[in-house]
Structure formats: structure tokens, C-alpha cells
1. When the accessible area of the range B:3-114 is split by element with a 1.4 Å probe, what percent falls to carbon and sulfur?
2. Give a residue-ordered list of calculated ³J(HN,Hα) values for the range B:69-84 (Karplus: 6.51 cos²θ - 1.76 cosθ + 1.60, θ = phi - 60°; whole Hz; x for Gly, Pro).
3. Using the structure shown, select from B:K49/B:K78; B:K49/B:K102; A:K11/B:K78 the pairs with a Cα to Cα distance greater than 26 angstrom.
4. Which GluC sites (Glu not before Pro) in the range A:23-115 sit in a loop by DSSP (not H, G, I, E or B) and have at most 16 other Cβ atoms within 10 Å of their own Cβ?
5. Which of the lysines could a cross-linker bridge to A:K15, judged by Cα under 17 Å and excluding same-chain residues fewer than eight apart?
6. Output the residues of the range B:1-47 meeting this criterion: accessible area (heavy atoms, 1.4 Å probe) in the chain alone minus accessible area with all protein chains in place is 50 Å² or greater.
7. What's the FRET efficiency of B:E20 with A:L113 using the Cβ-Cβ distance as r and R₀ = 35 Å, to the nearest 0.05?
8. Which value, in square angstrom to the nearest 100, describes the accessible area buried between chains B and A on both sides, using a 1.4 angstrom probe?
Amino acid sequence: GAGVSQTPSNKVTEKGKYVELRCDPISGHTALYWYRQSLGQGPEFLIYFQGTGAADDSGLPNDRFFAVRPEGSVSTLKIQRTERGDSAVYLCASSSGLAPGETQYFGPGTRLLVL
Amino acid sequence: AQSVTQPDIHITVSEGASLELRCNYSYGATPYLFWYVQSPGQGLQLLLKYFSGDTLVQGIKGFEAEFKRSQSSFNLRKPSVHWSDAAEYFCAVGDLNTGFQKLVFGTGTRLLVSP
């Protein structure tokens with residue numbers, strides 16, 4: 001079956017602009033995660049959803065970042081007033097549940113470049 | 001807070017030679033540990049995971065890892081490396097405070113395979 005998909009694959013924007021990054025999880029997966037991977041670093045947790053609600057948003061760096069999952073499937077990560085430091089690869093993952101050690105399946109990421 | 005250290009930024013191995021990638025974690029209780037591989041343009045793919053039971057874990061693509069509590073280590077091994085194994089490898093630990101859903105990643109080890 002289809003894996004996790006993310007669109008766009010690349011996004012170039014100007015400082016101060018608003019961007020939306022989309023994630024389509026594996027069908028039937030109830031949990032969805034967002035991570036951010038800066039150059040030369042490992043992924044850093046941003047937020048995860050169980051169903052429609054954000055179960056943990058402790059990794060969002062500031063209030064310019066917001067994520068939604070209104071119908072419990074597709075999720076959108078929104079970044080307002082982008083800054084050059086927001087440039088990174090944004091990774092989405094999904095899992096079938098929240099049991100400890102549940103495998104998270106990752107998408108290919110959206111590479112965001114803020115000029 | 002949990003943390004993961006991958007002391008080797010780059011490793012070069014000859015094709016057919018054995019491989020060991022190091023991972024050390026900081027965690028009070030029995031951790032949930034993962035190894036992921038990331039190839040260019042691909043999402044992170046789970047190689048193997050450990051959370052209980054036999055301390056030697058078998059994964060996909062001929063990889064294995066051994067959990068050593070006394071050394072706080074979870075090193076990844078492969079007896080004979082193939083050119084297609086060239087990629088970035090990430091060790092990760094599940095965060096107890098969020099039911100192990102929030103993964104904390106190391107900075108990665110880039111594997112280069114020489115002919």
C-alpha cells in the first residue's frame with residue numbers, strides 16, 4: 001500500500017511569508033507526527049496527533065508554528081512569518097497506534113528554504 | 001531528558017567488510033531503542049527496534065543490534081556491507097514522558113562504502 005506522502009517536496013519562500021506543508025499518512029493510521037531535520041542533524045520532534053487532537057506539541061519552537069489535523073487523517077503544518085532559521089527538512093510520520101514502541105513510518109519530507 | 005549520542009559522524013567501510021555503528025543513550029529505565037536508515041531522497045526507514053526481551057535484535061537487510069545496559073549502548077552491526085548500504089544511519093530513543101511516542105534522535109552517522 002501507499003506510504004506516507006508529503007507535499008510539496010520542495011518549497012522556497014521569502015522571509016516573512018506564510019507556508020503550509022501537507023502530510024498524508026498511511027491509511028488507517030491514527031497517530032501522526034511532525035519532525036524537523038536541520039542540516040547535519042537528526043530529526044527533532046515537533047508535535048504529534050492522536051486522531052484530530054494534538055497530544056503533545058512541546059516541540060513546536062514558537063507560536064509561529066501551528067499544525068492541524070481536522071479530520072484525523074491529513075495534517076498541515078503552518079509556519080507564519082517565516083525566518084531563515086526555519087530552513088530545514090520537515091518530516092512527517094504515522095503509526096497505527098500509540099502502543100509503546102509502535103513503529104513510526106516516515107515520509108520523504110518537505111525541504112523548506114527561506115531566503 | 002533522554003539523549004542519544006552517535007560519536008562517529010562519518011565511517012568508511014570496504015564492501016564486504018563488517019560494520020559497527022555506535023550509539024549511546026542517556027536514560028534511567030529500560031529504553032525503547034530504534035535504528036533508522038535514511039537514503040538520499042528517501043524517508044527514514046526502520047531497521048530494527050528493541051524494548052524488551054532478547055538483547056540481540058535482528059532487523060531488515062541483514063542488520064542486527066545489541067542492547068547493553070551496562071554500557072548504555074545499542075550498537076548496530078552488519079557482517080558484510082554492500083554498496084547499497086551507503087546512507088545515513090540514525091539511532092533513536094523513545095521518550096518515557098510521552099509514552100515513548102516522541103523519538104529523540106542522534107545526529108547520525110554517514111556510512112560510505114568503498115569498492
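The values are calculated or read from the model by the stated rules, or taken from the named source; none is laboratory data. Predicted model, so just to flag it, every value in this text is computed and none were measured. Positions of Cβ are backbone-derived with ideal geometry, glycine not excepted, and every protein chain shown enters the neighbour counts. These area figures cover heavy atoms from the full protein model, side chains too; ligands, DNA and RNA do not enter into them. Shrake-Rupley method; radii C 1.70, N 1.55, O 1.52, S 1.80 Å.
1. In the range B:3-114, the share of accessible area belonging to carbon and sulfur is 49 percent.
2. Each residue's phi maps through the Karplus curve to give 4, 4, 10, 6, 10, 8, 7, 9, 9, 8, x, 8, 7, 10, 4, 6 Hz.
3. Over 26 Å apart, Cα to Cα: A:K11/B:K78.
4. Answer by residue number: A:E71, A:E83.
5. Reachable lysines: A:K78.
6. B:L44
7. 0.45
8. That pair of chains buries around 1600 Å² in total.
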